[in-house]
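Some notes on the structure that comes next.
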Amino acid sequence: MALASTEKVILGSIAFAIFWVLAVFPSVPFLPVGRTAGSLLGAMLMVIFRVITPEQAYAAIDLPILGLLFGTMVVSVYLEKADMFNYLGKLLSWKSKGAHDLLCRICLISAVSSALFTNDTSCVVLTEFVLKIARQHNLPPHPFLLALASSANIGSSATLIGNPQNLVIAIQSKISFGSFLVGLLPPMLIGILVNALILLCMYWKLLSIQKDEEDAAAELVAEEDVSSHRFSPATMSHFTSLNSQEGNSRFEPMDIQSPPSTVNGNADQVESLRTISFYKVGPSLSTFYENEIPQVSSSAPALARNSTASEETPHNGASQKKHETAASDFVVSVNGLNDVFPVKHMEEKETLSSRYKRILWKSRVYLVTVGMLISLLMGLNMSWTAITAALALVVLDFKDAHSCLEKVSYSLLIFFCGMFITVDGFNRTGIPSTLWDWMEPHAKVNFTSGIAVLAVVILVLSNVASNVPTVLLLGSQVAASAAAISATNEKKSWLILAWVSTVAGNLSLLGSAANLIVCEQARRAPDLGYTLSFWNHLKFGVPSTIIITAIGLALIR
């Protein structure tokens, strides 16, 4: 494609430069509007500058990619609701054999979860788990944070739903889910192993330092804190789920004093009701019962019998135990109702029923997710498969889906819309195709030297322009060049693009959204805040990225 007019080239380059600055540095002082607004601004400027027409801008938005992204996000939200990521967090510390074992576990779990649930989601939900476990064992956090972010990037390369750039490749390349998995699974597995070895070599001494037992005890984070934290993949918010029974168990029984010998007055009934309500529901709900006490009828035979029995028995341990048993097994009538309910048995039955329903609901979520993965492996339309799975979960939940759908990152979907328009406008200036025409003779995928040149170009562009725009800019041109050689080389070119653009994210802290998510989540974690510096990441990222990229390229066939 030849260069467009000078005016379009200049104005299109300005619009793309503004988009790039705001996408890579979302809080620039002169225009701190963020990535999403930055992508829309770039798209709007492309239309205002007449680089593309409004019709071309709408046509540039790739709906299948947005549908696939939306479907996978909804499925991830329901998996989080079904405690999938809690289970992954527990695996990190289950029977851990030390810091080195923990580092390897983080690498493996992060890679697998990223391949199935996208790297950004895995980083959002696992970062605080990793911080808590590091603090629990009095270990430095940054090796584990590096393991989480880098392994998430590497692991996400294995599937077409692992990261946003692979979603783009899935739609543009028409490669089946299974074929893509077979092509990149070996490099991913070897890459995770090598990545773990690099981390162990760099931080072996740091992880081998014996912790001070007293300091460890002071800094200890309870395991239930590690496993009870719940996460929202889309909003990055945290909330702690409370168990009402655990909450009630915190209150110790009060010393029971026997009421006066007569039970005919309302005062005696009030005192007994207070005692029973405190034992049964704790002080918060006890207040409710106390407010309702004046409405209780004076003729409460069950209360009278219990009170009389407790008065006639000497005040010893057996008496107190008998009173506690009576209080926990029965509740008195309120508002004039004289029925007596066996609350203890009802609660046990309700607990078993709610547990059964919860397990049944979780099973449905996992079955739908497995069905989605099987459908993708069978080669069904990826976008509609993900959307169908998402809607199936909404229907099976049988509740208002607002609370789950609001966790979807709609700002990310809008960012993609703006980016599609901006990149399409920049492509229409002719600059990317002109640069590719100059490099194409040196980047043939049927030669080792050509693969090396292509990998360097993708590596640099992925860190300068980000990996998704790089795939959008180079994808079709690299594939067309390879297709002129053979169909096999065309597929290989897509695999190389997917592998290098994904692993390139490990080069620097700004290389991928997953790195930034880990950094930001770690910094904002309550009581556990830790700042992962740019240089700490860079001194690990450069050797890791170069070595793993080279190994993966040698394994791609």
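The values are calculated or read from the model by the stated rules, or taken from the named source; none is laboratory data. Source: prediction; values computed, not measured. Neighbour counts run over all protein chains shown; Cβ positions are idealised from the backbone, glycine included. Protein only, heavy atoms only, side chains kept; ligands, DNA and RNA dropped before computing areas. Shrake-Rupley method; radii C 1.70, N 1.55, O 1.52, S 1.80 Å.
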Checklist entry - Going by the structure shown, is F19 aromatic (F, W, Y) and crowded, with 22+ Cβ neighbours inside 10 Å? => result yes
Checklist outcome for this item: Only unsatisfied item for T488, checking (1) surrounded by fewer than 21 Cβ atoms within 10 Å (Cβ to Cβ); (2) at pLDDT 90 or above; (3) among the β-branched types (V, I, T), is (2)
Checklist entry - Regarding V112, is this residue among the β-branched types (V, I, T), open to solvent by 20 Å² or more (accessible area, probe 1.4 Å) and either touching a Cys at 6+ places or on another chain (Cβ under 7 Å) or closer than 30 Å to I359 by Cβ (or both)? => result yes
Item to check | Inter-residue pairs, beta-carbon under 6 Å, first over 14 Å from A17 (Cα atoms) and in segment 27-40, second open to solvent by 40 Å² or more (accessible area, probe 1.4 Å) and not polar (S, T, N, Q), 6+ apart | outcome: T36/I414
Next on the checklist: For segment 79-92, give me each residue that is open to solvent by less than 30 Å² (accessible area, probe 1.4 Å) and not in a loop (DSSP other than H, G, I, E, B).
Outcome noted: L79, E80, F85, N86, L88, G89, L92
Checklist entry - Among the helices (runs of 4 or more DSSP H) contained in segment 477-557, which hold 3 or more residues that are under 27 Å from I431 (Cα atoms)? => result 487-503
Checklist outcome for this item: Counting only residues in segment 23-43 that are of a type outside the set (G, A, S) and closer than 15 Å to F420 by Cα, the one surrounded by the fewest Cβ atoms within 10 Å (Cβ to Cβ) is identified as L41
Item to check | One residue from I61, I48 being touching a residue at least 24 places away in the same chain (Cβ under 8 Å) and at negative phi | outcome: I61
Checklist outcome for this item: For L472, the lone unmet condition from (1) in contact (Cβ under 8 Å) with a residue 12 or more places away in the chain; (2) surrounded by fewer than 21 Cβ atoms within 10 Å (Cβ to Cβ) is (2)
Checklist entry - What number of residues within segment 364-408 satisfy the criterion of being part of a helix (DSSP H, G or I), open to solvent by 50 Å² or more (accessible area, probe 1.4 Å) and of a type outside the set (A, V, I, L, M)? => result 6
Item to check | All positions within segment 48-78 that are open to solvent by 40 Å² or more (accessible area, probe 1.4 Å) and in a helix (DSSP H, G or I) | outcome: I48, P54, E55, Q56, Y58, A59, L63, P64, F70
Checklist entry - If you scan segment 134-164, which residues turn out to be in contact with a Pro (Cβ under 9 Å, 6 or more places away or on another chain) and either outside any helix (DSSP H, G or I) or open to solvent by 10 Å² or more (accessible area, probe 1.4 Å) (or both)? => result R135, S157, A158
Checklist outcome for this item: Picking from V542, V518, V503, the residue that is open to solvent by 10 Å² or more (accessible area, probe 1.4 Å) and either under 24 Å from the mean Cα position of the chain (by Cα) or over 18 Å from S110 (Cβ atoms) (or both) would be V542
Checklist entry - So which of S462, S411, S433 ends up being surrounded by 20 or more Cβ atoms within 10 Å (Cβ to Cβ) and in contact (Cβ under 8 Å) with a residue 12 or more places away in the chain? => result S462
